[in-house]
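Working notes for the structure below.
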Amino acid sequence: MNVQVVSLETRSKAKRFGGKSGGRGHIQIKGVTVRFGHGADAHQAVRETSLDIPPGQFVCLLGPSGCGKSTLLNSIAGYIMPSTGSIQVDGEAVKEPGPERGMVFQQYSLFPWKTIRDNIAFGPKVAGRGYAECSSIANTFLEMVGLTRFADKYPTELSGGMQQRVGIARALANYPSVLLMDEPFGALDAQTRLMMQENLLKIWSEFGTTVVFVTHDVDEAIFLADRVLVMSASPGSIIADLAVPLPRPRVLDMATSPDFMEIKKECLEQIRSESLKAFEEQDR
Ligand code: ADP
Ligand code: MG
């Protein structure tokens, strides 16, 4: 995969539209519980979760399958309303999805009938920006994700990794303050996945938006994040909040370094002891 070197022009455009977070993207989650269903069928997916994510932070939400990661992420996105508690982004209560909270899903949810360029320009067009501006925004993000050459192709003509880069570009084209990513590289092969991780960090370092990235992969979480939030098994709640003090920029070689291994060991120990605690509490 061609790892894109972002041009100076693209960089300045990204910053002009609010890059480097500009102090935006502060997520505050207070006492959030999410329940699905009613009465005897009620199921608690997220339990009493409170979090403060400062602007520009890269956070990974790490936990086993079914623990409530997507539910929590969808609540930040505004697709799900919490049963109790509140979620605010930059002081505004989240009531519905909005372009300032961009979402990237595991399944490439592109419009198959639109070209790559039109997929990326979709958000700005809906927001009422003129043709020239939409075109300029599309060019900026096509370059940022290294797909300028593929602008006039359709999604099915691209590989999975490329489609996911379009998904990222499409979310960023709205200049969101928060980027929500739900196992975005989960369907990719291991090599493409590593390249995508590095590419995402490059884009983030230019764009500076707050990122909440869901994964069940410990290595992926540590490689990407400033901070790893570990969720318990269902009903999910945050059981560990770990800082990742690895220097940036992060490069793939770091994933085998002694410092990385040390953090991974600590992370796994925390997960183990917290899981054990939860397991014993359940048993009581
Ligand atoms: P994860 O993303 O960590 O795999 P999810 O957030 O998708 O977990 O799901 C957490 C729990 O909530 C699971 O038990 C799942 O079956 C349940 N769940 C998720 N969405 C719904 C829904 N819309 N209706 C009922 N149950 C749901
Ligand atoms: Mg999920």
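Just to be sure I understand the filter: pairs with C-beta atoms under 9 Å, separated by 6 or more residues or on different chains, first member in segment 115-131 and within 15 Å of V166 (Cα to Cα), second member among the β-branched types (V, I, T) and outside any helix (DSSP H, G or I). Which pairs pass?
I120/V145
Test V89 against the criterion of being within 16 Å of ligand 2 (Cβ to nearest atom) and buried (at least 21 other Cβ atoms within 10 Å of the Cβ), and give yes or no.
no
So in segment 173-202, with the set limited to residues that are within 16 Å of ligand 1 (Cβ to nearest atom) and in a loop (DSSP other than H, G, I, E, B), which one is modelled with the lowest pLDDT? Show your work before the answer.
From segment 173-202, those within 16 Å of ligand 1 (Cβ to nearest atom) are 180-187; that's our starting set.
Now drop any that are not in a loop (DSSP other than H, G, I, E, B), which leaves 183-187.
Details: E183: 96, P184: 95, F185: 94, G186: 92, A187: 89.
Among them, the one singled out is A187.
Sort out which residues of segment 201-236 are small (G, A, S), more than 16 Å from ligand 2 (Cβ to nearest atom) and in contact (Cβ under 8 Å) with a residue 60 or more places away in the chain, and write them in order of number.
G208, A225
If I ask for residues that are among the basic types (K, R) and surrounded by 24 or more Cβ atoms within 10 Å (Cβ to Cβ), which ones from segment 150-176 would you list?
Result: R165, R170.
Just a yes or no: is a residue in segment 203-211 outside any strand (DSSP E or B), modelled with pLDDT of 95 or more and of a type in the set (D, E, K, R)?
No, there is no match, as no residue in segment 203-211 is outside any strand (DSSP E or B), modelled with pLDDT of 95 or more and of a type in the set (D, E, K, R).
Going by the conditions given, is G78 modelled with pLDDT of 95 or more, within 16 Å of the chain's Cα centre (by Cα), away from ligand 2 (no atom under 16 Å from the Cβ) and farther than 27 Å from A233 by Cβ?
Values: modelled with pLDDT of 95 or more: yes; within 16 Å of the chain's Cα centre (by Cα): yes; away from ligand 2 (no atom under 16 Å from the Cβ): yes; farther than 27 Å from A233 by Cβ: no.
So G78 fails the test.
Search segment 79-107 for residues that are over 16 Å from L179 (Cβ atoms) and pair each with any residue that is in a strand (DSSP E or B) and within 16 Å of ligand 2 (Cβ to nearest atom) when their beta-carbon atoms are under 8 Å apart and the residues are at least 6 apart or on different chains.
I80/V34; P82/V34; P82/V46; S83/V34; G85/T49
For K153, state whether it is part of a helix (DSSP H, G or I) and touching a helix residue (DSSP H, G or I) at 6+ places or on another chain (Cβ under 6 Å).
On the way: part of a helix (DSSP H, G or I): no; touching a helix residue (DSSP H, G or I) at 6+ places or on another chain (Cβ under 6 Å): yes.
For K153, the condition - part of a helix (DSSP H, G or I) and touching a helix residue (DSSP H, G or I) at 6+ places or on another chain (Cβ under 6 Å) - is not met.
I need the full set of residues from segment 21-74 which are within 12 Å of ligand 2 (Cβ to nearest atom), among the polar types (S, T, N, Q) and modelled with pLDDT of 95 or more, in order please.
S70, T71, N74
The values are calculated or read from the model by the stated rules, or taken from the named source; none is laboratory data. Just so we're clear, the structure is a prediction, and the values are computed from it rather than from any experiment. Note that we place each Cβ from the backbone using ideal geometry, even for glycine, and neighbour counts take in every protein chain shown.
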